[in-house]
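The values are calculated or read from the model by the stated rules, or taken from the named source; none is laboratory data. Not measured: the values here are computed from a predicted model. Cβ atoms come from the backbone with ideal geometry, glycine included; neighbour counts cover every protein chain shown. To get the accessible areas, we keep the full protein, side chains included, count just its heavy atoms, and leave off ligands, DNA and RNA. Shrake-Rupley method; radii C 1.70, N 1.55, O 1.52, S 1.80 Å.
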Amino acid sequence: MVKKALITGITGQDGAYLARFLIGKGYKVYGMVRRTSMVNTSRLEYLGIKDKVEILYGDMLDLSSLQRVVENTEPDEIYNLAAQSFVATSWEQPILTAEVTGLGALKLLEAVRLVNPKIKFYQASSSEMFGASPDLPQNESSRFHPRSPYAASKLFAHWMTVNYRESYGMFTVSGILFNHESPIRGLEFVTRKITHAVAMIKEGKQDKLLLGNMAAKRDWGFAGDYVKAMWMMLQQDEPDDYVVATGETHTVREFCEKAFGYVGLDYQDYVEVSPELFRPADVEVLCGDSSKARMKLGWKPDVDFDGLIRMMVDADLKRVREGSY
Ligand code: NAP
Ligand code: G4F
């Protein structure tokens, strides 16, 4: 029997990589997308899988649409990746963020419970939930201290996922993933903002790059490695929560140094700090301890920090040279 998976957020970075991974495993993949005035499948096109997934319309704000999509697709596995996922925007749109990222996950859990509680459910939890945690590195037992409306919304969704497992015996898992990036990362996130600027500057199409808090430290991995862990969590005998991370942390400044350095430039000649890009509250350091995922799932990342930067800069250089971005 061909396994069926439903992915919310399939038009996003992780949705596209996960869809490609599941197609490679022989799954029939359904993707839920919200209605927009222009088609938004560029990431699926970039990975060459646009015609291999079946798209259905639904919105995390609309319980009835979620219920209908679950009923119509009858999936074995659901991956809830949809979210308002940009932390900075979550201060500008806190209520929308809570409704999509927090309450949306609960609505989907309810849809699963009502339609077929045997469906396995993956929730895209985030290392942002640790925020200002005093524990470092952070593992599944570390204390949470969310520092943004986004992080607080993710924490609500995380606890709801745990509660549906404990209350109803459903197979619900939460992957607490640390930052993961790729050539199809949104341009608003700092890594892609930097690699895109490096390519533009190298090609003489941009003069400088404005950044905010360059001292912030993140544990950055490659999205292609991380979606594999999502799938592995749903193949276990028992549902559980897992931290997924590289275990290395680097500053935004180091990311700049390496990305500019890769094309023979000195970041100090181009980067300026803009106070406007600082957040009302930032997460100063994240570093994950993924020993549990490594031991129980057999997961490990293949791409390291330098490899990730090279991959992203190369992809942006190619696009800028082709004029496709
Ligand atoms: P992303 O690129 O921002 O993708 C988010 C997806 O959610 C997009 O497909 C978006 O659709 C969809 N979406 C937003 N609002 C929706 C709504 N109301 N109804 C239906 N779909 C909606 O995010 P990502 O980086 O792939 O991350 C995937 C998930 O993992 C997110 O939940 C994120 O919060 C979480 N996460 C990410 C990271 C990371 O480092 N990437 C780390 C930990 C957790 P549109 O294309 O229409 O906007
Ligand atoms: O790239 P960022 O916007 O990612 P952030 O806030 O860590 O969130 C990402 O990772 C989370 C997992 O930990 C996900 F849950 C979330 O959905 C998202 O994918 O910012 C990283 C750091 C921050 O400290 C920010 O203040 O970079 C700092 N930064 C400095 N200058 C900047 C900039 N961030 C952005 N986006 N743009 C800047 O100009």
- Message: Here's a check for you: in the stretch 276-295, which residue that is closer than 17 Å to residue 236 by Cα and out of contact with any Phe, Trp or Tyr (no Cβ under 8 Å at 6 or more places or on another chain) is least open to solvent (accessible area, probe 1.4 Å)?
- Response: 291
- Task: Within the stretch 251-269, count every residue that is of a type outside the set (Lys, Arg), open to solvent by 10 Å² or more (accessible area, probe 1.4 Å) and more than 11 Å from ligand 2 (Cβ to nearest atom).
- Result: 11
- Query: If you go through the stretch 13-44 one residue at a time, how many are out of contact with any helix residue (DSSP H, G or I) (no Cβ under 7 Å at 6 or more places or on another chain) and within 18 Å of residue 105 (Cα to Cα)?
  - Reply: 3
- Query: Considering only residues of the stretch 175-222 that are under 13 Å from the mean Cα position of the chain (by Cα) and assigned to a strand (DSSP E or B), which is nearest to residue 120 (Cα to Cα)?
  - Reply: 175
- Task: Output the qualifying pairs, or none if there are none: Cβ atoms under 8 angstrom, residues six or more apart or on different chains, first residue in the stretch 186-204 and over 14 Å from residue 313 (Cβ atoms), second residue within 8 Å of ligand 2 (Cβ to nearest atom) and aromatic (Phe, Trp, Tyr).
- Result: 186/86; 188/86; 189/86
- Task: Would you check which residues across the stretch 172-217 are hydrophobic (A, V, I, L, M, F, W, C), away from ligand 1 (no atom under 14 Å from the Cβ) and open to solvent by less than 40 Å² (accessible area, probe 1.4 Å) and list them?
- Result: 194, 197, 198, 199, 200, 201, 209, 211, 214
- Query: Got a sec? Which of 313, 243, 273, 227 is β-branched (Val, Ile, Thr) and surrounded by fewer than 20 Cβ atoms within 10 Å (Cβ to Cβ)?
  - Reply: 273
- Is it true that some residue in the stretch 173-181 is more than 30 Å from residue 311 (Cα to Cα) and outside the structural domain of residue 307 (by TED's automatic domain parsing)? yes
- Only strands (runs of 3 or more DSSP E) wholly contained in the stretch 1-120 count here; list those with 1 or more residues that are surrounded by 20 or more Cβ atoms within 10 Å (Cβ to Cβ). 4-8, 28-33, 77-80
